[in-house]
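Below you'll find the structure, written out as structure tokens, and then a few comments.
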Amino acid sequence: MVCLRSTLVLALCAISASAAPSAGQLLDKRQGTTALDTVTCGSNSYSRTQIEAATAEGCRLNAAGQTLGNNRYPHTFNNREKLVFAAGGPFQEFPILSNGQNFTGRSPGPDRVVFNPNIGGKCTYVGSMTHTGASGNGFLLCTTKQSRSQTQSDKSAASSLGGTLGKGTAATVLSMLINARL
């Protein structure tokens with residue numbers, strides 16, 4: 001019995017000391033455009049509506065197996081730059097134009113939306129990037145500004161989720177200890 005208590009206390013201490021994701025880390029993994037206000041790529045600024053329109057067109061073409069222009073957009077983005085997006089790949093890139101129009105095959109300009117064509121069965125925006133300021137033909141991430149009201153509610157939800165993660169882990173360890181009959 002003493003051995004079981006000692007093991008239980010050590011297990012609970014290990015759980016409480018383990019790194020649980022912070023609200024900020026959970027928010028970094030958010031996908032889509034729900035909290036997006038504007039995206040700035042070099043000197044070009046894009047609204048949420050523009051990001052959604054470019055992503056929707058890229059997703060539509062990708063699903064239909066169609067491409068536009070000499071560079072055949074949308075196409076695979078291999079991420080040699082190791083840019084960090086809101087979700088993992090595979091990634092597709094598609095031009096976003098500063099004139100507010102969808103790309104039709106002419107000059108793609110320097111800016112791109114990046115999407116994953118299949119996150120839970122949906123084509124999802126994961127970020128934006130630009131050639132502006134990058135070396136060679138490389139890319140840099142664009143700057144994203146989130147809407148204030150959405151960010152506050154997301155932080156609350158993420159905090160709640162973070163608290164739940166620890167309890168679930170504790171329940172799992174307790175269950176394993178009881179089943180092991182230490």
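Using 5 Å bins from zero, what percent of all Cα-Cα pairs in the stretch 33-105 falls into each bin?
3, 14, 23, 25, 24, 9, 1
Using mean Cβ contacts within 10 Å as the protection proxy, how do 77-90, 102-115 order, highest first?
Working: 77-90: 13.9, 102-115: 19.9.
Packing order, densest peptide first, comes out as 102-115, 77-90.
Any chance you could run the full-extension gain for residue 64 through residue 83? It's 0.36 nm times the residue separation minus the Cα-Cα distance, nm to one decimal.
4.1 nm
P(r) for the stretch 22-148, please, calculated from all Cα pair distances in 10 Å bins and given in %.
Whole-percent P(r) values from 0 Å outward: 13, 48, 34, 4, 0.
Between residue 75 and residue 45, with labels modelled 7 Å along Cα→Cβ, what's the label distance in nm to one decimal, could you check?
Modelled inter-label distance: 3.3 nm.
Could you tally the net charge around residue 72, taking each other residue with its Cβ under 14 Å from the Cβ of residue 72, Lys/Arg +1 and Asp/Glu -1? Provide the component values of the computation, followed by the final result.
Numbers: positive: 106, 112; negative: 93.
Net charge around residue 72: +1.
Values quoted throughout were computed directly from the atomic coordinates according to the rules given, and no laboratory measurement underlies them. For clarity, every value in this text was computed on a predicted model and none was experimentally measured. As a convention, Cβ positions derive from the backbone with ideal geometry for all residues, glycine included, and neighbour counts pool all protein chains shown.
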